[in-house]
Each structure stands twice: as C-alpha cells, then as structure tokens.
Amino acid sequence: MGKRVTIILLALLVSGLAIMGYFFQQGRKNLFTDPYKAISPGACIVIETVDLQSFMNSLTTGKGLFGEAGKIKEFDNFIRKLKYLTDQLNKAGFKKLLDDGSSIISFHPTKEGKLQSLLSMTVPGEIRYRQIKEVLRSSGIKEVIESKLNGNLVLKIPFAVNSQKDTAYISLISGLMLCSSSKELLEEARVQMGREKDVRNLPGFSRVLLASGKNEDKIFVVFANLHRLFKSVLGKDVQGVATKITKLAGTAGGDIYINEDGLVLSGYTESPDSSEFLYRYKFILPREFHTYKILPSSTVIFETLVLSAESPVSKSDSTVSQVAVGLAVKLKEYTGEEITRAYIDIKERPVGDNTLILYELSNRVQAVGYQFASSNGMIYNSLSIRFKEVTREESTTEWETLLDTIAGIKPFFFTNHTTGAKEIFIQDMKNNTYLINAAGRVLWKVSLNERIIGTIYMIDYFRNGKYQLMFSGKNYIHLLDRNGNYVERYPVKLRSPATNSLALFDYDNNLNYRLFIAGEDKMIYSYDKTRNVVKGWNPFRTTGYVKAGISYFKVSGKDYLVASDENSVYFLDRAGNKRVNLKESVTKASRSAMRLNPGSEPSVVCTSPDGTVQHIYFDGSIKKFSLKKFSGDHSFDNFDVDGDGFGEYIFIDKGMLYLYDHNRSEMFSRDFGSIDLWGPISFIFSGSDRKIGVFDINKKQIYLIGIKGETMNGFPLRGASMFSIGKLSDKSGWHLIVGGTDKFLYNYKIDTEIK
C-alpha cells in the first residue's frame, strides 16, 4: 500500500513540474510579472489601466474635456505626443505586444520640476527584442537602434512631434516591457525591479489601492512627491502654496470614468500622519452644507467648515489670538454652523483682492456689514444695517453667472453644433451679449451698438450643420457665429429704422431663409440671408406702424404673411401683394398674439383692444365674441393648455390671469395681487404636461401655472426679466433661465409637478 502511494505522489510531482515548465515556457508573466515592481517611491502620479489601448484612445478623441484641454497652449505639446503614441498603439502590429494584464503609467518629477513618464506593462512571455523590433518596423518606424545602458540591452527609437525631436527607450525584464523618453528613469526602473519596496509602500498607498475598483482604470497621487512640480509651476511668489499641497495627505486614489461629457474620479484619500492637513477630517462625521448655492460660477476654489452646534470653542489653542477667541465666543450665538472661504476669479484684479469669507447667520432677519478703506489720505468708512421681517428664501439656483449689468432680453437657448449641448445667449442693459455654457461659464462677451428687439433665431447660414445667431435691433440685422464673430457682410443696415422685431421663415425647409421687418417709413421689407432685398418682393406699405412681428401661416398649400398695425390686419402673399380682403374691419390689441386655429375651417385668432376675440378666416370672413370686458392693456394668447387638441383662450389683465376653454367656459381666474403682469407664455413639457408662464414685474417673481390655476412646485422664483425654459442636455431635466435684479443670470432646475 505504501509503495503504491509513493508512486502516485511521485507521478503527481512530476506532472506538476511539467505543467510549471510549460507555463514558464509559454509566458512567465502570470507567475512572476508585476508592473508595480518597476515604479519607484519617487513617483508623484501613478495611473493603472486594465486596457491601455482603450484608455489612451479615450484621452485623445479630440472631443469633450480633453478636446478642450488640447486647445490650452501649455498642454498642446503634451497632447500631441499623447496622440502620437496612441496612433502607434492603434496600429495592427502593436496588438501583438498588448496583453490582458494591467499597465502602469507613472510620472516622476525631475530636479527642475518637470515631469517624466514611465510605462510599465506586462507582455506575452514569448516576446523578445526581435519581436519588438519587427512590430516597430511593421508599424512604419524605420529607425530602431540597439544600444546598451549600464550593460543592459535597450532599444532606442528617435521620433519627432511638431518638429520637436525626442527619443523613446524600450527595455524588457522579467516579462515586463518598460518604456520612457528618459534613459535615466528607465535605468532607475530596472534597478527598482530588484528592490523589496516600491511605490505601494508609501504612506497610505496600499490602503487606497485596496479600496479602488478591481477592473477599473485608476489614478493615485502621492502628495509628498509633488513639491518639486508645484515649486516649478507656481513660481517663487507662492512657494507656501506648494508646501501646503504636499502636506495635504499621504496618498489619494480613485477610479477613472471618462466620456465626452467629462471626467469623474471616485476614490479615497489616506492621511496617516497627524501633521497633514486632511488628517483632522478623518474622524469628523459628514455634514450637509449650503453655502455653495450662493457662490458665483466664477468661483475658482472654496473651502467650507461645518461646525457642530454643540462643540465648545477652545480657548487653549496657542496659535489663535485670545482676542480673536473672545470675539468668536461673543459672535457664536449669532452665527450658524458654516464658514466658507472662496477665491473668485475677477478679471483685472490681483488674487489677494479676490478672497471672500462667508458666515452663515443664525438670525437671518438682521444683517450688519462694516467696511473701511484708505482713500485720499483718510479712512473711508461704510456701515450697513438691514432688517427684514420677511426673509428671502435660500437660493435654489444651480448656478448664477455675473453680467456687467441686469439682463435686457429674454434668454435664448442655442445649440453647440460641435457637442450638441445647449448654451445660453443673453444681452444685458449695456448692450453686451454673452454666450454661456451649461455650467454657467461665460464663453465670450461681445458688445453691440444697439439693443436686441424681439425674437432671436438659430440658423445654418452656410448649410454645413454649423449654427449662427440672427436677430435685429432698431437699425441693423445682426448675424453672429458661435465664437461671437460677425458673419461676412453683417451687420446689415436697415433701409428705415425698425418698428418691430425681425421675422425669419424657411418656406420649404431648405435653409433658403426669408427675413421680414417693418420700418418707420411704414414699409414692410424682405431680405434674403445674404442681406440682399428679395427679388420679386414689393415692399408693402401699411397705414400705421407695424409693431408686432410678421406672422407666417401655410394653409391648404398657400402661404400667408400676416402683419398688423393700429388700424388693420393684412394678409399678404410671398410677393407682398394682398392675398385676403377682409369683409369687415379688424384691429389687433397691441399685446395680443396672433395664432393659427387649425381644424376644418382654419382661422387666425387675436383680440381687439377691448378684448373681443376675433377669428379671421382665410376667405375674409370674421367671427367675433366677447368673453369679458378687458382693458386696452390686456395680454392674450390662444394655446392648448390641457392637451385636448383645442386651443384655450388666455388673458392677463390688471393683475388677473383668466383661462377659457374652446367652448368659451371659464376654467379658472387667478389674482396675483400685483397690477403689472407680463405673459402669458406657453410651455410644453410633454403631451399632457403644459403650463402657463407669468412674470410679476413689480414683485420680480416668476410663476408656472397649471390647468386649474395651481402653482408649480418651487414657484414663485426670483427673476427680473422674461424667462426661458429648456433642457441644457439630453440627460438633464428642465432648466429655467432668467435675469435677476443683482446683475446675475440665474439657472433654476425645475420640477414640473403641481403643489
């Protein structure tokens, strides 16, 4: 029995050795290779990727965040080198070198504060220098030089990017391929392979590494090794900042998620040393804070301290003045739990002048401010005390962007043809126009020579899928591209100062735009997009001034251009000739919309100055009826509020909102308690979700009202201009954009539910 067992054990041992020998010959990486072994403790940034080719491609798409980074001058050379390397990895030959194991890209600061990079990656066990040379040459690299570095074989590959020459060095050791443009760093990596400790032995690194995702790309930052880098980048004047950065913590790490919308890093920071700044926060329970809601979008960085309401103020801290401690104790009963310090990017102002300290107050009805400054050889003093019985609710905006002065027009949603994202076009009361992205950042500011009047249009002038902004003022038609530059031959000087807003129509949806505008000479003019007067159009003369925009309707295959002055309504054809002769007089109220009422007998609906509803049919007949006596200042619109296919009649007059159904029955009336309302504005969120927008000019409040007169959740909101609602991206919900009384443009994310 014993002999039999011995034979079996011997057979198993021989088989095991044979299997080990087989794997050793086929590829030793699974048993012996570890790309981290080549990374020395001097690395300041380490990236681990499970798929090197995909990771490099995500960095060099030229779109989104990394596409914008490539436009920054300081990053241009780095991005070009990165793109060169990625192009090589995408070639068929290089796929032979790529394996399923992890690759490590580490960055090491030099004595001069520059960064050098090292790639450490596993390769199949059968790969030798000969195969690498074959791969390089098959990929179009003609010059591959064999060399020796401290007695070890190294491949040298000279290359040039943008006429800048450099050399890449490649070495093989223990199933790893090492690559760097620094031969000193490559040699250090070879030496590092024989050491017991590598970058993972740095304080906190292993713990952060274990907490990261197993099959995700990840990044690690070693703060202590950042000193040389930041010392070089920040310059001599702010060396203290570099020291503080290196003393933040031990190691931070996180999983990397990259897409065209941006970059997300999610992970942990470990601070094992009590002298590090973040150490004190390891044992503090997380708290919710609110100060960020009132910080402007130009905030560069901010820090918020949330105090415990029960925690006593320590008087034993020798680093704090006892006078300051005494003042803090006295003020504590008036202050809340949050203290925030923020750095704001204010153009043409030094960094030291852009610091802001915010304290939350426990008593919100009273606020005191004191300011003093040197002026004219004296001290200028300013004391401000405010008391309000009714406190203003906390800001619910997602961001607030500072303009030079208050908004002067209704915000317009513009589509970025490159990314598909929405951007916001606005003009302030100083005639500055701005294009603002979905994050609230001002992309450009352009000053115009006049105020925009009425409607803004997004057009494809060149028919190439790229969009421009077209609008008019009193004296010109303007056309700006997405970068804020005028398109050739614009602005267009009008033949007569305008009395109404520009109207733009594309009759046949072929981008052959027609522009219509009325002048003080009582003529209606038509232009094509190249600013030429349309051939065949006879400028139409009205008896009065046309103050509302020209409307366009297509009914039974015929085109109708509809204009109105204080005396009549005119139906014209494309040539400027009368198409319909009205059978009785019709006068449109100045604040009445003109809407097409579809159906078996289509008509145009508007109201007269006394509020009489007028249906104008295309055979010239008129039907009139009165729902209620309204003043000459009333507003009117015809809009399908309940989604039943029939338009409702909506009036605003003397602080009241009225809604009547198509059968002329009153659905509701609502008193806003304010005499000056603007609207109504129709909003469609879905087939069954429709709302009425109202702007209270006196109270500077905006409302969304439902089918029964109820107010939508979260309303009224603060606002001091007409407002627009739209989506800033396909993934986001609805956003309301409005100007405020404080020179800010507000972005509210809104709920479409009713209270």
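In the set Tyr660, Tyr703, only one residue is touching a Leu at 6+ places or on another chain (Cβ under 7 Å) and either β-branched (Val, Ile, Thr) or within 30 Å of Lys629 (Cβ to Cβ) (or both); that residue is Tyr660.
Suppose we filter segment 424-478 for residues that are under 17 Å from Arg514 (Cβ atoms) and under 21 Å from the mean Cα position of the chain (by Cα); how many remain? Number satisfying all stated conditions: 2. Can you name the condition, by its number, that Gly620 falls short on among (1) touching a Lys or Arg at 6+ places or on another chain (Cβ under 8 Å); (2) more than 17 Å from Val569 (Cα to Cα)? Condition (2) is where Gly620 drops out.
Of the numbered criteria (1) part of a loop (DSSP other than H, G, I, E, B); (2) in contact (Cβ under 8 Å) with a residue 60 or more places away in the chain, the one Gly643 fails is (2).
One residue stands out in segment 117-165 among those that are closer than 25 Å to Glu188 by Cβ, surrounded by 13 or more Cβ atoms within 10 Å (Cβ to Cβ) and charged (D, E, K, R): the one that is modelled with the highest pLDDT, namely Lys156. Kindly establish whether Asp528 is closer than 29 Å to Tyr490 by Cβ and in contact with a Ser or Thr (Cβ under 6 Å, 6 or more places away or on another chain). Answer is no for this residue. Across segment 24-58, the qualifying residues are those that are touching a strand residue (DSSP E or B) at 6+ places or on another chain (Cβ under 7 Å), at pLDDT below 85 and of a type in the set (A, V, I, L, M, F, W, C), and the one among them that is surrounded by the most Cβ atoms within 10 Å (Cβ to Cβ) is Leu52. Out of (1) part of a strand (DSSP E or B); (2) surrounded by 15 or more Cβ atoms within 10 Å (Cβ to Cβ); (3) in contact (Cβ under 8 Å) with a residue 24 or more places away in the chain, what's the single condition that is false for His615? With (1) part of a strand (DSSP E or B); (2) surrounded by 15 or more Cβ atoms within 10 Å (Cβ to Cβ); (3) in contact (Cβ under 8 Å) with a residue 24 or more places away in the chain applied to His615, the lone miss is (3).
Give the residues of segment 569-589 that are aliphatic (A, V, I, L, M) and assigned to a loop (DSSP other than H, G, I, E, B), sorted by residue number.
Ala575, Leu582, Val586, Ala589
When restricted to residues that are under 19 Å from Ile456 (Cβ atoms) and assigned to a loop (DSSP other than H, G, I, E, B), segment 721-732 contains 4.
Consider segment 438-493 and keep the residues that are surrounded by 17 or more Cβ atoms within 10 Å (Cβ to Cβ), outside the structural domain of Thr530 (by TED's automatic domain parsing) and among the small types (Gly, Ala, Ser). The one that is farthest from Tyr527 (Cα to Cα) is Gly440. Every test in (1) of a type in the set (A, V, I, L, M); (2) over 22 Å from Glu216 (Cα atoms); (3) over 29 Å from the mean Cα position of the chain (by Cα); (4) modelled with pLDDT of 65 or more is passed by Ala92 save one, and that test is (4).
Residues are listed down the side, and each one gets a yes or a no for (1) more than 24 Å from Asp428 (Cα to Cα); (2) not β-branched (Val, Ile, Thr):
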| site | (1), (2) |
| --- | --- |
| Ser669 | yes, yes |
| Ile702 | no, no |
| Ile705 | yes, no |
| Pro716 | no, yes |
| Ala720 | no, yes |
| Asp730 | yes, yes |
| Val738 | no, no |
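Please specify each residue of segment 134-167 satisfying the condition of being more than 18 Å from Thr86 (Cα to Cα) and assigned to a helix (DSSP H, G or I). Of everything in segment 134-167, just one residue is more than 18 Å from Thr86 (Cα to Cα) and assigned to a helix (DSSP H, G or I), namely Glu134.
The values are calculated or read from the model by the stated rules, or taken from the named source; none is laboratory data. Values in this document were obtained by computation on a predicted structure and should not be read as measured data. Counting neighbours? That spans all protein chains shown, and the Cβs are built from the backbone with ideal geometry, glycine included.
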